[in-house]
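Accompanying notes for the structure given below.
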Amino acid sequence: MGCAAEVSYPSASFFVAAVSGPGCGRCALRTNTITGPTCTSLSCAADCRESGDINNDLFGCGTLGTTAVTGPCDGLNRSSGDNCGALPGPWACGGASMESRTVTKPAVGGGGVLCCRDPGSLVCPTGQVACSGVCANTQTDPAHCGACGRACPTGQICSAGSCAAAPTVSTPMGSATRVVGSTVGGTPFNDRCGAGSAMTGFEAGVSGSFNVMRLLCRPLVLSYPGGVPTVTTGPTVRLTFRGTPSGMLGTSSCPDHQVVVGMTGNAGSLVDRVALRCAPIVAMGSGAALTFSFGATTRSPPVGGTGGSSCGDVDCPTGQFAGGALIRAGGNVDGLGLLCNRLAVTP
C-alpha cells in the first residue's frame, strides 16, 4: 500500500483506505499485526494495533485532507482531520471522534472514493472474533454469546458461550479483627449489615471520645455492563445507634462502590478516633467461576478527638471485608472491632 506522487491524482480528490487510528492524525499498526498495545480512539498513542476501539480519522491518498499524518501509515499521505474537518462537503463525520464508523458521503462533489472494509478482515486479539466490524469474545459477550449476533435476553449473562441467569454476590461470614479500646467495658453488640451487604461507613456522636455510633451499610450489586462483571454498591442503610446519643455527630464513609476492609485510629479505655480503610471490589471471570479481589485502598476522613493512643492498622484478613462491627457500648463507645465476611457467588 502506498500513494504515488500527488500530481498523479485528480484535483480535489481523496481516496480512502481501510485505515484508522487513535487520533491526532496518527495511523494504527497495519499489515495484520497484533503485537501492539490496545488503545482507544482518543488516546493519541503510538504503535496501537487496529481493533474495534480504534476508529479515529480517515487515511488515504489524494489532494484533499491534511498532510499531518504520522505513525505506521504504509505510505498513506492524507488524513480527514478531526471530525472530517479537513474535507469539504458532502463528506461528514457526525461530529464524533469515530470517523471510520460515522463517515458518510451522500452526494457527488468533494472528490474521492469511499470504500468499505470487509468486516471479516478485522484483526482481533487472541480469544476474540470479528462480529459486524467489532471484536467480541463469544464466550462472555451477551451481545454475541456463542456466535456473532446471538444476544442474551435482558438480565442474563453469557458464560462459556451460553446465556444463563446472572449470579448474585453472597457474603458468608469470615473472621473478626481485634477490638480497639476496652475489651470488657460496656455491652457487646454484634451489628451485621445483612446478607449480600457490606459496611461502608459510620456515624458517631463525639465529645472528645465516642459517645454513640452506628454503622452505615450498602448492598452489593453484581452487574455485567458490556459483558464485564462489575460490583457496585446500592443505597445506604443505617443500623441502630449504640451508646448514649450526645456530642457532635460526625460521619465517615467510603467512596461510592467501595467497602470497608480495615480501620485505624486512637483509643484508650474508650474509642477516641476512627478512620476507615476502603477498597473497591474487583470481579473477574464469569458464572460460577467468578472470583473477587480488592483494589487499592483509600482512607476515609477521620472522626473523633485527639485522645488515646494509636491503634495501628486493624484490617480484615486478605480477601475479606467488613460486613459489620462489634461495638462495646454503655454510656460511651468502649470498644470497636470489625466483623469480616468473604465474597462468593450464588448461581
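Readers should treat all values here as calculations from the given coordinates under stated rules, not as data from a laboratory. Quick caveat: nothing in here was measured; it's all calculated off a predicted structure. No Cβ is skipped: glycine too gets one built from the backbone with ideal geometry, and neighbour counts run over all protein chains shown.
Descriptive notes on the structure:
- Size descriptor, Kirkwood hydrodynamic radius, that averages inverse alpha-carbon separations across segment 198-284, Å: 14.1
- The chain gives an Rg/Rh value of 1.20, both radii derived from C-alpha positions and Rh following Kirkwood.
- Taking Cα centre as origin and charging only the Cβ of basic (Lys, Arg, +1) and acidic (Asp, Glu, -1) residues, the dipole magnitude of segment 147-274 rounds to 120 debye.
- Extension gain, T187 to S170, is 3.2 nm, computed as 0.36 nm per intervening residue step minus the present C-alpha separation.
- Taking 0.36 nm per residue of separation and subtracting the current Cα-Cα distance, fully stretching the chain between S246 and T102 would add 45.6 nm.
- Highest mobility in the GNM of the chain, judged by mean-square fluctuation with C-alpha springs under 10 Å and restricted to G323, G127, G337, is found for G127.
- The mean sequence separation of alpha-carbon pairs under 8 Å and at least six residues apart, normalised by the residue count of the chain, gives a relative contact order of 14 percent.
- Across q = 0.09, 0.11, 0.13 Å⁻¹, segment 169-346 modelled as identical point scatterers on its alpha-carbon atoms has Debye log10 I(q)/I(0) values of -0.29, -0.43, -0.58, in the order of the q list.
- Gain on full stretching of the segment that runs from C44 to A344 - 0.36 nm per residue minus C-alpha separation: 104.0 nm
- Förster radius 41 Å - calculated FRET efficiency between T297 and V129, Cβ distance, rounded to 0.05: 0.60
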